[in-house]
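Contents: one structure, followed by commentary.
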Ligand code: GLN
């Protein structure tokens, strides 16, 4: 796909951007050549070895085939940190930063709080919280051992001390209770056409959809809301990310479980993206 004469980084960038998006092309060249944007500008004649060229050619083909850039680079930015990602984990999304912000606001007055991240994936939520709130005692759960391996590498990478447990939602937690539970569970309805676009077919489907044919995508959220009171201290917070049209239904689930201060918060696109509430103090 790329022509062989592109043997320096500048020409390689030029060639790659005929095939894929200009920024993606640049990031792929920087990745294979281990160079920076500034090198591409000031030293475009820097040589690209035959191996580097072959790697770039392969990555450009994969990108042109729709594979997400984050899997090709092996990392993705989230909440100001760089996270390792593999196809075993969902790529962290900017809207999930809202979940982290809401958690951090509540932890300001609770420095040594215990925090649970359910369905941690690459660990973006747990590690970001632990990084910004080092006194918090962070536990992260995921059903996928492969995802937990990535999450635990991300915790080490950012010097966050967190406990990682494999299992189905609350199952590995015994009677543990937390001051705050955050979750970005799978919530895209099974069969939703979005699952076929924007690189989603390359991501782990178990992280995107609850897999319930004909369902509303809320199966995991029902489990999380239903089990939360038994794992929250009185007054503890539950915060859940959900789909663009699910806020009212998630608030309804929270009210039904007698949560107080139930609310939804908009992401940067103005879409209600996180809903939550507190376990009542009494009971
Ligand atoms: N927001 C993601 C998407 O639409 C889905 C994340 C999730 O299911 N938790 O791609």
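The values are calculated or read from the model by the stated rules, or taken from the named source; none is laboratory data. From a predicted model like this one, the values you see are computed outputs, not experimental measurements. Every residue, glycine as well, gets a Cβ built from its backbone with ideal geometry; the counts of neighbours run over all protein chains shown.
Of note:
- In the set (1) at pLDDT 95 or above; (2) under 22 Å from residue 70 (Cα atoms), residue 42 fails one condition alone, (2).
- Sole residue being in contact (Cβ under 8 Å) with a residue 24 or more places away in the chain, exposed (fewer than 14 other Cβ atoms within 10 Å of the Cβ) and either touching a strand residue (DSSP E or B) at 6+ places or on another chain (Cβ under 7 Å) or closer than 19 Å to residue 61 by Cα (or both), chosen from 22, 3, 45: 45
- Comparison of 208, 238 shows that the only residue that is in contact with a strand residue (DSSP E or B) (Cβ under 6 Å, 6 or more places away or on another chain) and more than 12 Å from residue 181 (Cα to Cα) is 208.
- Test: residue in segment 213-224 that is closer than 27 Å to residue 116 by Cβ, more than 20 Å from the chain's Cα centre (by Cα) and either within 11 Å of the ligand (Cβ to nearest atom) or part of a loop (DSSP other than H, G, I, E, B) (or both): yes
- Of the strands (runs of 3 or more DSSP E) lying entirely inside segment 124-198, those containing at least 3 residues that are free of Cβ contacts under 8 Å to residues at least 40 places away in the same chain span 137-142, 162-166.
- When residue 14 is tested against (1) at pLDDT 95 or above; (2) more than 20 Å from the chain's Cα centre (by Cα), exactly one condition is not met: (1).
- Going through (1) more than 16 Å from the ligand (Cβ to nearest atom); (2) at pLDDT 95 or above one by one, residue 102 falls short only on (1).
- Of the residues making up segment 59-79, those that are more than 15 Å from the ligand (Cβ to nearest atom) and in a helix (DSSP H, G or I) are 59, 60, 61, 62, 63, 64, 72, 73.
- Residue 239 in a helix (DSSP H, G or I) and buried (at least 19 other Cβ atoms within 10 Å of the Cβ): no
- Of the residues making up segment 168-200, those that are more than 15 Å from residue 238 (Cα to Cα), away from the ligand (no atom under 12 Å from the Cβ) and in contact with a strand residue (DSSP E or B) (Cβ under 6 Å, 6 or more places away or on another chain) number 1.
- Matching option when the condition is in contact with a strand residue (DSSP E or B) (Cβ under 6 Å, 6 or more places away or on another chain), within 16 Å of the ligand (Cβ to nearest atom) and part of a strand (DSSP E or B), among 117, 82: 117
- Being within 31 Å of the chain's Cα centre (by Cα), assigned to a loop (DSSP other than H, G, I, E, B) and either within 28 Å of residue 155 (Cβ to Cβ) or in contact (Cβ under 8 Å) with a residue 24 or more places away in the chain (or both) is a description that does not apply to residue 30.
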